[in-house]
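Notes for the one structure printed next.
The values are calculated or read from the model by the stated rules, or taken from the named source; none is laboratory data. All values reported here derive from a predicted model rather than from experimental measurement. Cβ atoms come from the backbone with ideal geometry, glycine included; neighbour counts cover every protein chain shown. Please note that ligands, DNA and RNA were not included when accessible areas were found on the heavy atoms of the full protein model with its side chains. Shrake-Rupley method; radii C 1.70, N 1.55, O 1.52, S 1.80 Å.
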Amino acid sequence: MSQFTMEGRYIRCSQCQGQMRPIWTSKAVHCPCCHALIKLTRYDVRPPTGMDPKCTLKEKFHNKFKSRNSSSSNFNATSSHHNSVLGGNMTSATKPHPGKRAVLCGVSYKKRKYELKGTVNDVKHMKELLIRTFGFMEENILVLTEEEKNEHRRPTRKNILEAFQWLIRDCKAGDSVVFFFSGHGLRHPESDGDELDGFDESICPVDFTTEGVILDNDINSTIVRPLPEGVTLHAIVDSCHSGTILDLPYVYDITKLSLGRRCPVP
C-alpha cells in the first residue's frame, strides 16, 4: 500500500513521487505512474477550495452553469454567439469542432405509470455542456425527446437506431462522438452465451412496448464495432442495468478498482 503526502489539491505517491489530483468523491485511486493503490481519507478528498463540503454533486453541477457568463441568455444561439460567450480564452477542447458529433436521447414515457421526470432536462443540460465546455457545434447535436415537434426527433426505436447510423457516418481518425441516454433500462435472458451473468441489457425507447427494446448487442454492432480506428466514443447511459450496455469485453469493478471480463473466455 502506498502512502502519500498532500500538496494542495494534489497528492504525491511515495513510491514513485508521481503527482495526481484525485476526484474529490473518490475513496481510492491508482497511481498513474506505478499503479500503486492509494486509499484516500476524508482529508485527502475534501471538496475543492471554496466549495461547501456539504454541497452535493447535483448542486455542484447546477452551480457550474449558474456561474457561466450571463450574456448567454438564449440557449438556442448560433455558433458565433457561443464563440462570443466563450471569449478569447478558448482551449482546443472548447473551440467549435466539426469532427464532434452527439446523439442525446431523453425518454419520459408520458402519461404512463412508469413515467420519468427530468429526462428532458438531462438532455438540455448535456447539450449545453457539450457546446459550452467541449466545443460541440449545435448543428452536430441530434436531440431525441418527446417534446420535439418533428416526428423524426421523437425517441422511438426506429429513430434511435437511425440516429446511431448518423452518429458514426463518415467518421475519421481524430473525431469524437457522444451517445447520451436518459430513460428506462431492462435485462433479458440471453441465448448466445456472450454474457457471464446470463442476461442481455437494453434501453427502452418511448415505443418499446410495441416496437421492442434496443439490446446491448444492437448498440455494440451499430456504434462500437463499426468505429474507425482513432475515433473516440463517449457513452453516458442513465438507466437501470446500463453498466455493460455497450457489450464491451471488459467492465470496471469499482469495488475492486480493477478491470474484469464481461463475457466468457472463448
Ratio of alpha-carbon Rg to the 2.2 N^0.38 Å globular estimate for the stretch 94-224, to two decimals, please.
1.10
So if each residue of separation counts as 0.36 nm, and I subtract the Cα-Cα distance between T232 and C33, what length gain in nm does that give?
69.3 nm
So how much slack lies between Q17 and E211, counting 0.36 nm per residue of separation and subtracting their Cα-Cα distance, in nm?
64.2 nm
Would you mind telling me the share, in percent, of accessible area of the stretch 124-236 contributed by carbon and sulfur at probe 1.4 angstrom?
50 percent
Stretch C240-K113 to full length: gain in nm at 0.36 nm per residue minus the Cα-Cα span?
44.0 nm
Cβ under 13 Å from R112's Cβ, R112 left aside: what net charge do those residues give with Lys, Arg +1 and Asp, Glu -1?
+1
